[in-house]
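All remarks here apply to the structure that follows.
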């Protein structure tokens with residue numbers, strides 16, 4: 001997405017990163033128990049990934065994230081009128097690029113005088129799956145993040161998602177910190 | 001999705017099944033986007049998202065370090 005930002009910013013496309021809750025908290029990158037911790041993590045994210053995009057940090061309760069639907073890694077493209085032009089349940093730069101090219105072409109055609117009416121459409125995206133890179137990220141968060149994801153995969157395979165989460169959370173909360 | 005328990009310490013969160021199930025009908029293309037107040041990490045200033053988007057087409061990625 002950083003590369004996309006570099007490519008499209010000269011074409012008057014802005015890119016921002018909205019910093020939300022930790023998806024896979026671990027011993028080394030724990031969940032946000034204060035706004036200061038959330039800011040510290042956002043700064044670490046900026047440095048580690050050399051992020052040049054403007055980073056906007058959501059409040060501690062995730063008001064912004066929840067208002068956008070609450071999924072862990074979404075992307076939206078918004079118009080200057082603050083209307084949703086594109087949304088994706090998962091961030092995939094190739095898919096975002098297709099949408100940007102289309103929307104910039106619409107803008108160009110309108111400037112040339114084309115009469116274009118909006119209509120609703122959908123697209124099923126396909127993202128690259130890189131399990132090795134994903135696990136490297138989990139390991140950086142701490143062993144707990146790896147264990148919990150492995151356990152969740154087994155749980156999902158058994159179809160035990162909701163009940164198991166509730167019971168595991170109760171167990172975790174009962175544990176001495 | 002509720003504020004309570006938002007910052008979960010144990011993966012997966014309680015609310016993700018509900019959020020993934022609701023998303024296909026939530027905030028679709030053509031709808032006005034939310035306008036949260038956010039902290040700009042570079043300047044330290046509080047900004048509304050509309051203050052950013054009014055300048056043109058804006059890509060908004062949501063995510064975190066983990």
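Residue count for the stretch A:82-96 satisfying the condition of being crowded, with 16+ Cβ neighbours inside 10 Å, at the interface with chain B (Cβ under 10 Å from one of its Cβ atoms) and not in a loop (DSSP other than H, G, I, E, B): 7.
Against the list (1) under 20 Å from residue A:81 (Cα atoms); (2) in contact with a strand residue (DSSP E or B) (Cβ under 6 Å, 6 or more places away or on another chain), the condition residue B:54 fails is (2). Residue count for the stretch A:1-36 under the criterion of being part of a helix (DSSP H, G or I) and within 9 Å of chain B (Cβ to nearest Cβ): the result is 5.
Considering the stretch A:69-81, and only residues there that are part of a loop (DSSP other than H, G, I, E, B) and touching a strand residue (DSSP E or B) at 6+ places or on another chain (Cβ under 6 Å), the residue that is surrounded by the fewest Cβ atoms within 10 Å (Cβ to Cβ) turns out to be A:73. Residues in the stretch A:9-27 include at least one that is surrounded by fewer than 17 Cβ atoms within 10 Å (Cβ to Cβ) and either closer than 11 Å to residue B:62 by Cα or in contact with a strand residue (DSSP E or B) (Cβ under 8 Å, 6 or more places away or on another chain) (or both). Here the stretch A:97-145 is the region considered, the condition is being touching a residue at least 40 places away in the same chain (Cβ under 8 Å) and within 26 Å of residue A:22 (Cβ to Cβ), and the residue that is surrounded by the most Cβ atoms within 10 Å (Cβ to Cβ) is A:145.
In this structure, does residue A:47 turn out to be outside any loop (DSSP other than H, G, I, E, B) and either at the interface with chain B (Cβ under 7 Å from one of its Cβ atoms) or modelled with pLDDT of 95 or more (or both)? Can you show your working first?
Values: outside any loop (DSSP other than H, G, I, E, B): yes; either at the interface with chain B (Cβ under 7 Å from one of its Cβ atoms) or modelled with pLDDT of 95 or more (or both): yes.
In short, yes.
Among the residues making up the stretch B:36-47, those that are farther than 28 Å from residue A:142 by Cβ and either surrounded by 14 or more Cβ atoms within 10 Å (Cβ to Cβ) or in contact with a helix residue (DSSP H, G or I) (Cβ under 6 Å, 6 or more places away or on another chain) (or both) are B:36, B:37, B:40, B:47.
The values are calculated or read from the model by the stated rules, or taken from the named source; none is laboratory data. Owing to the predicted nature of the structure, the values given are computational and were not obtained by experimental measurement. Cβ: placed from backbone, ideal geometry, glycine included. Neighbour counts: every protein chain shown.
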